[in-house]
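Report on the structure given below.
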There are 2 protein chains.
Amino acid sequence: MKHGSPYGTHRVVEPQGVLPQGAWKIDNTMALCDNEILIDVSALNIDAASFTQIKTEAEGDLGRIAAIVRDIVGQRGKMHNPVTGSGGMLIGRVAAIGPALVGKIDLEVGDRIATLVSLSLTPLRIDAIRSIHVDKDQIEIDGEAILFETGLYAKLPEDIPEKVALAILDVAGAPAQTARLVRPGDTVVVVGGGGKSGTLCVYEAKKRAGPTGCVIGVSPFDKDCRRMSELGWVDHALRADATDAVAMMEAIADLTGGRMADVVINCVNIPNTEMGSILATRDGGKIYFFSMATSFTAAALGAEGVGKDVEMIVGNGYAKGHAVLALELLRESPTLRRLFETLYV
Amino acid sequence: MKHGSPYGTHRVVEPQGVLPQGAWKIDNTMALCDNEILIDVSALNIDAASFTQIKTEAEGDLGRIAAIVRDIVGQRGKMHNPVTGSGGMLIGRVAAIGPALVGKIDLEVGDRIATLVSLSLTPLRIDAIRSIHVDKDQIEIDGEAILFETGLYAKLPEDIPEKVALAILDVAGAPAQTARLVRPGDTVVVVGGGGKSGTLCVYEAKKRAGPTGCVIGVSPFDKDCRRMSELGWVDHALRADATDAVAMMEAIADLTGGRMADVVINCVNIPNTEMGSILATRDGGKIYFFSMATSFTAAALGAEGVGKDVEMIVGNGYAKGHAVLALELLRESPTLRRLFETLYV
C-alpha cells in the first residue's frame, strides 16, 4: 500500500505540480493509499452555481443532466464543473480507512459522513445515477470517493435531520471562530447579526461574553432586528447600514458610552463594510471578517488611513472541531434548532 | 475654539456623511479646532502614480505642473488627485497644537514632522510653490496643513538624513507587527525577505526568535538570496517561487524537518502567493499578509480547502509606536542603516 501526500498531490494527473483543486484531471482509481479514506457515496450535493449551469445546458432534461455529470467525472476524475469552477459536497458511508490513519481519526467503517471539502478536489467514481432532485441540487448515486488525510468531514448525527445538519455545517466555522475570539466581559458587534452565520455568531458571542459582556447585532433590516430581539441573544439589536462608516461609528459609540467594540465579527455578504467595522472597533481590538465580499486592500488601507491599531483577521471557515461544535449548538439550544428547522432548510 | 471629530469628519464639505478621504471637498480654512495640529508645510511628497499623471498632463512643463497642483488643492482643499485617487505625504514644522491635545501627544511647537496619513485626507492650503523636483516627486511649498486627532505622524530625527528616514517610515508597520508576532524559538518564514519591508521583517524576526529560533527568508531571485545570506539575519535563504504552493511546502518541510513555520510573514507584491504561505504554516500557526496583492477570497477559501487551522491576519501598516520603532532600528544596526542609505534612497 502506498503512502500519499496529505493534500492529495499524488493523485494529480495533469497539470503536474498543482494541488488537486487546481488540477484538470485527478486519478480516481479506488486503490487506497495508507492515509486515505474510501467512501461509499450515496448522494452528491452539487454547488448551486454548478447545478444551475448544468440544468441550463441540459435544458432541464434529467437524462442530459445525468450525461453531463457522468461526462465531467469521467473526464476529470472529480465532479468539478469546468464552466463554474465549483464543486459541492457528498454524503456517504466510510467503506475503508487507510491503516496509517487508524487511531488518528474519530471514524469507523460504516459511519455516515458528509465531506466538508469541495467536490472540486475529491476523487470520485460514479457507478450508477439513482435519482436527480432538481429542486434541491442533489443527485443520488452509487459510487465511491476518496478523502485525503487533510480532507474535512463531519459525522452525520442520528438525532438531527440530515438537512438541518447540512445547513449548520455549511457555516460551522463562524461559531467556532467566535468561541475562540470572545472573552468574558467583551463588547462584541456582529455585523449582519440577523443572517444564518451571523445568528450563530451572536449566539456563541453571548455565551462567551457572559452577563458582563455586551453583544450588539447589526442589520439594516427591520425584520432581522426584530428577530434578533425576539431570540434574546443580543443586548442591542441595532438597525444600521454598515456601509455608512460614520453612522456605524456614531451608533456604536452611543451604545458603548464611547468605548467601542472589543471584537467586531463581520458576516454580511455585501461590499464596503470594512471601514464601518474598523471605526466600530476600539484601539487594540479585533475584527473578524467572515464576509467573502471583504476587500483586502480596503481593510488594510482603511485601518492605516485612520490610524487604527486593530487586528484584522481573514475568516477561516475551518477550525479544529468546528463540525462537532456546530452540531452541538443545535442540541444545546432548542430555540436555535427550531430556527434552523424553519428558516434554513 | 471648537472640538472636531477625531477622524476629521467636521471638515467634510461634500458629500456629507463620509470620511475626509472619501470627500470631494474638505474645509481647509486654518482656524484650528482644539484637537487639531497646525503644520507649517515645507514640502509635499506626491504619490508616484499621482505625480506621473500630473507630469504627463502638464507635458513636463513646471509651470503647468504648479498650476494643476494649485487647482486640485483649490478645488478640493487637499492634494487628492482626482484621476489617480492617490495623495502622498508632507513634511513641515508644528505651528500650533490644539489645547485638548497638549500633554496627550509627544509633539511640541517647532518639531519637524512627516505626516504618515495620506494627503488625500489632509486639509492643505498652498501660499507659494517654491520649487518642483521632478525626479523625486517632491514639491517645496509655503503653506499650512491640518492633522486630525487620529492623524499619524513621525518626528523627523536630527541624526538620520531625511531621505533615509522617509524610506524606512514608508514601511514602518512591517517590523512593528513582526515584533508583536514572533516569540522566542519560533520558526519564521518571510516570503519576499529580500525586499525593503521583507528585510526589516527578517531583521526583527531574528531579534525576536533569538538563537533557538529559525528565520527563513524566501525569494525567487539569486541576488536577493545572496544579500540575505550576506546580511546574516536569516538562518536559511531559500530560493523559491512562492506562487508554486507545493514546491514552497516541500522546501519549508525540508528545512524544518516537517514541523513547518510558526509564523509566515508575506511581503511580496505579486499575486497568488496565498496558498504557498498557507501550506508553509503549521496547524495553529499565523500568517501575516503585508502584500497588497493578497486576495481575501484566495486566502479564506485556500485555508478551508486544505483544512488548515491557521490564523490569517490582514497587514495593518499602522501599529502604535511604529515610527519610533522603525527609526530606532537604523540606530541599532549600522548594517541596516548602510543598506537603507545605499539601496532605498
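The values are calculated or read from the model by the stated rules, or taken from the named source; none is laboratory data. No experiment lies behind these values; they were computed from the predicted model shown. Cβ coordinates were reconstructed from backbone atoms using ideal geometry, including for glycine residues, and neighbour counts include every protein chain displayed. The accessibility values were calculated without ligands, DNA or RNA, using every heavy atom of the protein model including side chains. Shrake-Rupley method; radii C 1.70, N 1.55, O 1.52, S 1.80 Å.
Calculate how many DSSP beta bridges within the protein assembly as shown are antiparallel, expressed in % of all such bridges and rounded to the nearest 5. Can you show the working numbers first?
On the way: 69 of 113 bridges.
Antiparallel bridges: around 60 percent, rounded to the nearest 5.
Lysine pairs, Cα distance under 20 Å, 8 or more residues apart or cross-chain: how many in region B:104-223? Each step should come with its number before you reach the end.
Details: B:Lys104/B:Lys155; B:Lys136/B:Lys163; B:Lys136/B:Lys196; B:Lys155/B:Lys163; B:Lys163/B:Lys196; B:Lys196/B:Lys206; B:Lys196/B:Lys207; B:Lys196/B:Lys223.
The number of close lysine pairs in region B:104-223 is 8.
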>> With the crude spin-label approximation of a point 7 Å out along Cα→Cβ, what separation in nm comes out for B:Asp127 versus A:Arg226?
In response: 6.2
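Go ahead and estimate [θ] at 222 nm for chain B from helices alone: -39,500 (n - 2.57) per DSSP H run with n ≥ 4, summed, over the residue count, rounded to 500. Numbers along the way, then the final one.
Details: 11 runs with 115 residues, N = 345.
About -10000 deg cm²/dmol.
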>> Under 5 Å between amide hydrogens, which residues at least 5 positions from B:Val117 or on another chain qualify, with H placed 1.01 Å from N in the peptide plane?
In response: B:Leu152
> Expressed as a whole number of Å, what is the distance separating the alpha-carbon centroids of region A:96-159 and region B:221-262?
Replying inline: 36
> Hey, with R₀ at 51 Å, roughly what FRET efficiency would A:Glu158 and B:Arg93 work out to, going by the Cβ-Cβ distance, to 0.05?
Replying inline: 0.10
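Given the Cα-Cα distance of A:Asn269 and A:Glu250 and 0.36 nm per residue of separation, how much length would full extension add, in nm? Working shown, then result.
On the way: separation 19, 0.36 × 19 = 6.84 nm, distance 2.24 nm.
Net length gain for the segment: 4.6 nm.
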> For region B:92-113, list residues with backbone N below 20 Å from a point placed 7 Å from the Cα of B:Lys136 toward its Cβ?
Replying inline: B:92-94, B:112-113
>> At R0 = 60 Å, how high is the FRET efficiency between A:Val324 and B:Val345 if r is their beta carbon distance? Nearest 0.05 is fine.
In response: 0.60
> Non-local amide H neighbours of B:Asp34 (under 5 Å, H modeled in plane, Pro and chain starts lacking H): which ones?
Replying inline: B:Lys2, B:His3, B:Gly4
>> Can you compute the label reach from B:Thr56? Point 7 Å from Cα along the Cβ direction, backbone N cut-off under 18 Å, restricted to region B:82-97.
In response: B:82-88
> Summing +1 for each Lys or Arg and -1 for each Asp or Glu, what net charge is found among the other residues whose Cβ lies under 13 Å from the Cβ of B:Val13?
Replying inline: +2
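Of the peptides B:186-192, A:313-319, how do they stack up when ordered by the mean number of other Cβ atoms within 10 Å, highest first?
The most tightly packed comes first, giving B:186-192, A:313-319.
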> Which is the longest run of chain A containing none of the trypsin sites (Lys or Arg not before Pro) found in DSSP loop states (not H, G, I, E, B) with at most 15 other C-beta atoms within 10 Å?
Replying inline: A:105-258
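Taking 0.36 nm per residue of separation and subtracting the Cα-Cα distance, what length does fully extending A:Lys104 through A:Val13 add?
Working: separation 91, 0.36 × 91 = 32.76 nm, distance 2.83 nm.
Taking 0.36 nm per residue and subtracting the Cα distance, the gain is 29.9 nm.
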> Normalized C-alpha radius of gyration of the protein assembly as shown, against 2.2 N^0.38 Å?
Replying inline: 1.05
>> Cross-link candidates for B:Lys286: which aspartates and glutamates have Cα within less than 16 Å, leaving aside residues fewer than 8 places away along the same chain?
In response: A:Glu311, B:Asp186, B:Asp262, B:Glu274, B:Glu304, B:Asp309, B:Glu311
>> Of all beta bridges DSSP finds with both residues in chain A, what is the antiparallel percent, to the nearest 5?
In response: 60
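As an exercise, identify the GluC sites (Glu not before Pro) in region B:131-221 lying in DSSP coil whose Cβ has no more than 14 other Cβ atoms within 10 Å. Don't jump to the answer; show the numbers that get you there.
Working: sites: B:Glu140, B:Glu144, B:Glu149, B:Glu158, B:Glu162, B:Glu204; in loops: B:Glu149, B:Glu158.
Here the GluC sites (Glu not before Pro) that fit, given the DSSP loop and packing criteria, are B:Glu158.
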>> Inside 10 Å of the C-beta atoms of A:14-23, what's the mean count of C-beta atoms belonging to other chains?
In response: 3
> Considering only protein heavy atoms, what per residue accessible area in square angstrom results for chain B with a 1.4 angstrom probe?
Replying inline: 39
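Per residue of B:288-300, how many C-beta atoms from partner chains lie within 10 Å of its own C-beta, taken as a mean? Walk me through the intermediate numbers first.
Values: counts 0, 4, 1, 2, 4, 2, 4, 2, 13, 5, 2, 4, 11.
Counting other chains' Cβ atoms within 10 Å and averaging over B:288-300 gives 4.
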